[in-house]
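Where a number appears in this text, it was derived from the coordinates with a stated rule and is not lab data. These figures come from a predicted structure and were not determined experimentally. All Cβ positions, glycine included, derive from the backbone under ideal geometry; neighbour counts span all protein chains shown.
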Amino acid sequence: MPILLVALLVVPPKFSGESARTHEAQRQTNADVLRTVFDLVLGPLQQVVQEGMVMDCADGKTGLCFPILSGLNADHAKHGALHGVGSKSCPKCEVPCKEHGGNLLKMYETGDYILYGSKVLRPEPVEAARIPECFHPLGVKIGNNVFAGLDRVNPAHLHKPDLLHNIYLGLFKQMMDWVEGFLKQPKQQQAFEDHWKEILPYPGLSVPKKADREVTQWQGKERRNLGRCISAILASALRNPDSSQYHDFTSSMQCVSVLVDLSLMAQYHSHTPDTPVYMERYPQTFHRTKKIFLECRTSKATRAEANFQDRDLRELMATQRANEVRQNTAAKHRPQVDQERLERASHCTELIRRKNHFNFIKMHSLSRFASDGRHFGSIWMYSTEIGEQAHMEQIKESYRRSNKNEAARQILSQ
């Protein structure tokens, strides 16, 4: 697939902390500049779509053609910026932000950005006050979609599944965190790492030299290799379970296997009528078995809240113990302290289970693989992995060849 460098976009500075709340004007300026740049880039295409152009056909003849924008290869953050939606919202459909980790088979209405804009431009008197309330659950920022004015293009259809960021650097990264947390309880983590380092070399497979938790940053091709061997390594680490471990080990193996199977089938360059059916079944099984890793889905905020409540509960128990049993001996005091420790641990575990969830946007993306494979054919050709390779060749190597003085102009001219 040939990729042509058309423009270099200036990356605006990121806002964090207090500046995130005090630079709304700068945020809007950045969105307006981005829209202006895309109007310039897509302007010639808009003219061709309206008037058409004569192009050579496969049969050797010429015809009047109307090329349109059919897809956008980008990660979720770029899709959110270009479509004008929040970081936790779906650019393609109207799924509420709190239902990303729900039933992966439930289909939501496709987002209609043209309708959103018309409601804002021509609101009815009764609905004018309710417009912000309607769009807030969807995370839509009206007026910030750079594709809304293109003829014969539905901006929501430009979003395609991304194997690189959704699977390899997204769910596979999450999966390894779940697996490592799950292996700590049966104390099989060392066995998993031993089998990990014993993988034999094979053509097309890069042998890992370090354990997974020893690597600070993974590349997409390394995560893709992980999908080829993770099932065998996990099965070796969890072999010979006892009666109390059998159900958990089986569920964890099934959950990991169906996620790997989905990623492998999504790499097909062509599909038959049966392969989308399999890509529908795999998310079903994954959704049914993923609860085995629920305790491993603890966020930093949940962990901090659990530590804060544990500290308050420990101080409260210490105060009550000092008021009630001042005359107790050390022999009587020790069992009471042990009981309090167990109660605090139980309270912390219950809080973590209640707060943990699978509600993140990359989990919702699994529901799109089957439908997009059925409608658009190969999912692999929409992966940003192709663009990343072109980025290295066209941007990084061209930058090295430049004299570093007005490098952007020199890169575009090469």
- Message: Under the rule of at least 5 residues apart or a separate chain, name every residue whose amide H is placed under 5 Å from the amide H of Cys65.
- Response: Met53, Val54, Met55
- For the range 345-367 and the range 277-307, distance of Cα centres in Å: 6
- Message: Just to verify a number: FRET efficiency for Gln47 and Ala390, C-beta to C-beta distance, R0 = 30 Å, to 0.05?
- Response: 0.70
- What is the P(r) of the chain, as percent of Cα-Cα pairs per 20 Å bin from 0? 19, 48, 26, 6, 1, 0
- Note on the structure: Env charge @ Leu69, Cβ radius under 14 Å, K,R +1 / D,E -1, value 0
- Query: When the helix-only estimate is applied to the chain (DSSP H runs of n ≥ 4, each -39,500 (n - 2.57), divided by the residue count), what is the mean residue ellipticity at 222 nm, nearest 500 deg cm²/dmol?
  - Reply: -16000 deg cm²/dmol
- Sequence-distant or interchain residues sharing an amide H contact under 5 Å with Val85, placed H: which? Lys141
- So Gln410 and Arg314, fully extended at 0.36 nm per residue minus their Cα-Cα distance, gain in nm 28.2 nm
- Pull up the cross-link candidates among the aspartates and glutamates for Lys291, meaning alpha carbon to alpha carbon under 16 Å and not fewer than 8 places away within one chain. Glu99, Asp177, Glu180, Asp248, Glu350
- Query: If the cut-off is 27 Å between C-alpha atoms, which lysines fall inside it for Lys141, apart from same-chain ones fewer than 8 positions away?
  - Reply: Lys14, Lys78, Lys88, Lys92, Lys98, Lys106, Lys119, Lys160, Lys362
- Task: Taking a cut-off of 19 Å between Cα atoms, list the lysines near Lys197, but don't count ones fewer than 8 places away on the same chain.
- Result: Lys173, Lys184, Lys187, Lys209, Lys210, Lys221
- Item | Charge context of Ser252, other residues only, Cβ under 11 angstrom, K/R +1, D/E -1 | +1
- Note on the structure: Sparse-neighbourhood loop hits (GluC sites (Glu not before Pro), the range 155-214; DSSP loop; Cβ within 10 Å at most 11 others) -> Glu198
- Least to most buried among Ser270, Ser371, Ser257 (fewest other Cβ within 10 Å first): Ser270, Ser371, Ser257
